[in-house]
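See structure below.
All of the numbers you see were taken from the coordinates with simple rules; none came from a lab. It should be emphasised that the depicted structure is a prediction, and the values quoted were computed from it without experimental measurement. Heads up, the Cβs are rebuilt from the backbone with ideal geometry, glycines too, and the neighbour counts pull from every protein chain shown.
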Amino acid sequence: MDHKKTRLRLPLCQEVVLPFNLLHVTPPMSPPPCLRRCSELVNEEGYLDVDHQTLRSRQYCNVFGIGDCLATPNSKTAAAVAHQSSIVEQNLYSVMVGEEPTAKYNGYGACPILTSYKTGILAEFLYNKCPHETFPFDQVRHYATTFYLIISTRHNYF
Ligand SMILES: Cc1cc2nc3c(=O)[nH]c(=O)nc-3n(C[C@H](O)[C@H](O)[C@H](O)COP(=O)(O)OP(=O)(O)OC[C@H]3O[C@@H](n4cnc5c(N)ncnc54)[C@H](O)[C@@H]3O)c2cc1C
């Protein structure tokens, strides 16, 4: 690989050389084996099969899911998990008092991106991929504040 182009091996062993100026490599991901083995709870890929809004299992009305293991089409981020936790808390409470779950997860996720050694942006979006900015400034612009927000949470990952 040089700094202008990369060689990628695709499924079926094809190789392609692509030019790039920003390269984001995503390794293969999968749910944990203990969940994959619960065939009555998961979809074909082994992710927990839940209603995309209530996060309740489609098979068992007293099972709820949260996090990266869900078969929901949101970005798998800790920001999404934080949002889901409030939905699951409300819906668990409803079910425990004999009511239907009414709280709805909208697919919120957030992706912090460093854009230089002193700036960053925080992309926030919903299931439909529409931007969903929650800060009181234009999040398309690069800010030092966002840079410090991002690096202050990096110790969780690196
Ligand atoms: C490098 C990196 C950078 C990231 N940066 C960001 C970021 O900047 N912002 C952001 O919002 N998100 C970020 N994420 C995503 C975020 O980390 C995940 O979305 C989040 O951790 C998912 O939480 P979770 O609880 O669903 O799963 P996990 O955090 O994966 O927790 C699952 C836990 O279950 C445990 N476990 C597995 N099998 C078993 C078993 N059989 N018995 C008991 N325990 C078991 C695992 O050990 C693990 O501790 C990043 C992820 C990575 C890898």
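What to note about this one:
- Among the GluC sites (Glu not before Pro) in the range 32-90, those located in a DSSP loop and surrounded by at most 15 other Cβ atoms within 10 Å of their own Cβ are Glu40, Glu44, Glu45.
- Per-residue [θ]222 nm for the chain (sum of -39500 (n - 2.57) over DSSP H runs n ≥ 4, rounded to 500): -6500 deg cm²/dmol
- Residue-wise HN-Hα coupling along the range 55-63, computed from phi with Karplus coefficients 6.51, -1.76, 1.60 (Hz; x: Gly, Pro): 6, 8, 3, 6, 9, 10, 6, 9, 10
- Spacing of the modelled spin labels on Leu8 and Glu45, each 7 Å from Cα toward Cβ, amounts to 1.6 nm.
- Cut-off 18 Å (backbone N to label point 7 Å along Cα→Cβ of Asn21), residues of the range 120-138: 120-121
- Directionally averaged shadow of the range 10-106, computed from the convex hull of its alpha-carbon atoms, nm²: 8.4 nm²
- The stretch between Ala78 and Cys111, if pulled fully straight at 0.36 nm per residue, gains 10.9 nm over its current Cα-Cα span.
- Each peptide in 28-38, 119-129 was scored by the mean count of other Cβ atoms within 10 Å over its residues; highest first, the order is 119-129, 28-38.
- Computed over the range 109-156, relative contact order equals 36 percent, with contacts defined as Cα pairs under 8 Å that lie 6+ residues apart.
- Ranked list, fewest to most other Cβ atoms within 10 Å of each Cβ, for Tyr93, Tyr108: Tyr93, Tyr108
- FRET efficiency, 1/(1 + (r/R0)^6) with R0 30 Å, evaluated for Ile151 and Cys130 via beta carbons: 0.65
- Centre separation in Å (Cα based) which lies between the range 34-87 and the range 90-121: 13 Å
- Amide N proximity, the range 52-66 versus Ser85 label position 7 Å along Cα-to-Cβ, cut-off under 16 Å: 65-66
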